[in-house]
Every structure is written in structure tokens, then in C-alpha cells.
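Student: So that we are looking at the same thing, I have put the structure below in C-alpha cells.
Bear in mind these aren't lab numbers, they're just calculated from the coordinates by the rules spelled out. Keep in mind the model is a prediction, meaning the values are calculated, not measured. Please note: Cβ atoms are built from the backbone with ideal geometry, for glycine as well, and neighbour counts cover all protein chains shown.
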Amino acid sequence: MTARTLLLAISRAMSTSIRSSACPLSQFSACEISDALIKLGSSNGGHIPDVHMLSPISQVKICAPAYTVQMVLTSDKSAPKLSSHFVDTATPGSVVVVDAPPQAKNAVWGGLMTAGAQARGAVGVVISGRCRDLAEHRTADFPVFARGHSTVGQSPFVRPSGVNVTLTIHPKDAGDAPDAFAPVTVTPGDWIIADEDGVVCVPVDMVDKVVELAKNGQEIDAKCMADIKAGKGIQASFKEHRGK
């Protein structure tokens, strides 16, 4: 390893922060975990589509259990109302997962919510929707993964209706075609893995199987990478180590 390569490796390691509860899933990337879930028969690899890391600036990985929040349109008078602010009841060590109505163009998470979540020990937020106050999240070094951002806040457009409820998160442009990307179900306590590639949900009862398959896949990919870098070729490397 050259001095320059070593410095780059050290720089990358220092710039990557892992926000994790004690879970063996934290040793794998979101991509490796999706691969394992596909092998286990998942139709979507646990991937929550269209959600990207907006904060912090440096690389980060979240591996933590989900604390879920369901948002509804303010016009929905039949949906339950909360007695407490949903951030105030977030559990330490959790990642807040918010599902907002797809037609909403407003933000459902801002700088004050990041401050409240940090004060309660939450490790990040994943939003099927929009956030705002990007500078405040980045200054706080708080991980925010969202579908986008907006200048307008939550009121008067949407409101929280449930916490620690099962969420069904649909792709942004979900259609009725039989081959459409399947929605992702997030149950409270499911494991959320989020990094620069995206966000994946692992059902809590599948953790052991996912870890086993992800570890095997990681080892196989390392062998492929070594051969490809040595000039063997992708097709030949895949055939030898992946069997196809």
C-alpha cells in the first residue's frame, strides 16, 4: 500500500461514522443486506426507494431499531390524533422512520425536531417525505435520510397520526403494474440500515439469517474483487466464485 493510498484509507475511515445499537448487521453495507434479503425471498430487498442521505456532509451509517411515525393529510379528520409530540416519545438508540402522504410537498422534519431527537438519544431519521433546515441538521451532525426537502413546514398540510405503528411505504411513483416495485413494510423494532447507498429495513425475526448470508456474500465479493483487480475479468471471476 502506497503512502497516498494509506492516507486516503485513513481519511475515509475517519469521515465515516456509524450510529448503531449493538447488532451484527452493522458490519454490512445496505447493499450487502439487500442482497441477503433477496436470497431469502424478499421481493424488494428491504429497500425503501427514493430516500437519500441529506445530512451530515460526511459519510455515515445507521444501524438501529425503528421508531415509526405515520403522517396523514390535515384534511383527514378520521385519523387518530396524538396527545404528545412524536419526537418527545422517541426511544433512545432508535432511528425515527416517518411516512408522509406521497402528495405532500411540505417538510415533516426540521431543525427543532433534530434537536429534540438528539436530546432523547435517537440516532437519525428516515423520511418517506421531505425535510427542511438542512444547515441545522448538518451543523448538528445528525443523520437525515429523506426523499427531498422543502421550504414549508408541517402545518397546515399534514399532521402525525400514529407512533409505533406498522408502516407500508410505497415507491414515489408506484403504479398498478404487476411488476411494480413492492412496498416496504416497517414494523416498530425492525432494524434500519442506512448509508450513502440508501435505506434497508430488516424484519427483526430475519436478522440471524440475513447476517449469515451477508457475511457469505461479503467474502465471495472480496474474492471476486481480488481476481478482477488482478485482471481475471468479471465474467470469469463471477463464474468461479458466484457460480454464474
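Student: Under a cut-off of 17 Å between alpha-carbon atoms, report the aspartates and glutamates in cross-link reach of K229, not counting same-chain residues fewer than 8 places apart.
Tutor: Straight-distance partners of K229: E219, D221, E240.
Student: Rounded to whole Å, give me the distance from the Cα center of the stretch 63-134 to that of the stretch 187-244.
Tutor: Their Cα centres are 30 Å away from one another.
Student: Per the helix-only calculation at 222 nm, which mean residue ellipticity applies to the chain, given -39500 (n - 2.57) for every DSSP H run of n ≥ 4 and division by its residues, nearest 500 deg cm²/dmol?
Tutor: Mean residue ellipticity, 222 nm, calculated: -8500 deg cm²/dmol.
Student: Once the other residues with Cβ under 13 Å from the Cβ of T187 are scored (Lys, Arg +1; Asp, Glu -1), what is the net sum?
Tutor: Surrounding charge for T187 is -3.
Student: Once phi is turned into θ = phi - 60°, what whole-Hz ³J(HN,Hα) does the Karplus curve with 6.51, -1.76 and 1.60 give for every residue of the stretch 139-153, x standing for Gly and Pro?
Tutor: Working through the residues one at a time gives 5, 7, 6, 9, x, 10, 10, 8, 7, x, 9, 8, 8, 9, x Hz.
Student: Let me have the relative contact order for the chain, percent, based on Cα pairs under 8 Å that are six or more residues apart.
Tutor: Working: 506 pairs, mean separation 65.2, N = 244.
Taking the mean separation of contacting Cα pairs over the length of the chain, I get 27 percent.
Student: Let's test this: bin the Cα-Cα distances of the stretch 86-127 at 10 Å from zero up to the farthest pair and state each bin's percent.
Tutor: Distribution as computed: 29, 54, 16, 1 percent.
Student: Measure off 7 Å from each Cα along the Cα-to-Cβ vector at D208 and A22, then give the distance between these two points in nanometres to one decimal.
Tutor: Each label point is offset 7 Å from its Cα along the Cβ direction, giving 1.8 nm.
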